[in-house]
Amino acid sequence: MVVIKNVTGAFYLKGRPKAYESDGMTVGGKKGFVLSSRPRAYPKTSQQKKVARVAAECGIHKGITRRDLREKMISCVKPKMMG
């Protein structure tokens, strides 16, 4: 059995949960796969948008060294977030 859910956009196949034993009885589990869409990103709050903007302006990115991050947090991020 195949269940199709919301196939507009990118989608993928995911397995259904397997059956398990509970008190000597087989519980849950269904055979087949589910064709499901990728989850959408949640909308960002105003505070999250502000933090992302300030981080981009200050040059903070993934893979930055701890020393550089500390310097940029003190010299650049702190004044921009306070003001």
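Every number here is computed from the coordinates shown, using simple stated rules; none is lab data. Worth saying up front: this structure is predicted, and the values here are computed from it rather than measured. Cβ sites come from the backbone with ideal geometry, for glycine too, and all protein chains shown count toward neighbours.
Things worth noting here:
- Test: residue in region 59-69 that is assigned to a helix (DSSP H, G or I) and small (G, A, S): no
- The set of residues in region 27-63 being surrounded by 14 or more Cβ atoms within 10 Å (Cβ to Cβ) and more than 30 Å from L13 (Cβ to Cβ) consists of V51, V54, A55, C58, I60.
- Summed over region 18-52, the residues that are touching a helix residue (DSSP H, G or I) at 6+ places or on another chain (Cβ under 9 Å) and not in a loop (DSSP other than H, G, I, E, B) give a count of 2.
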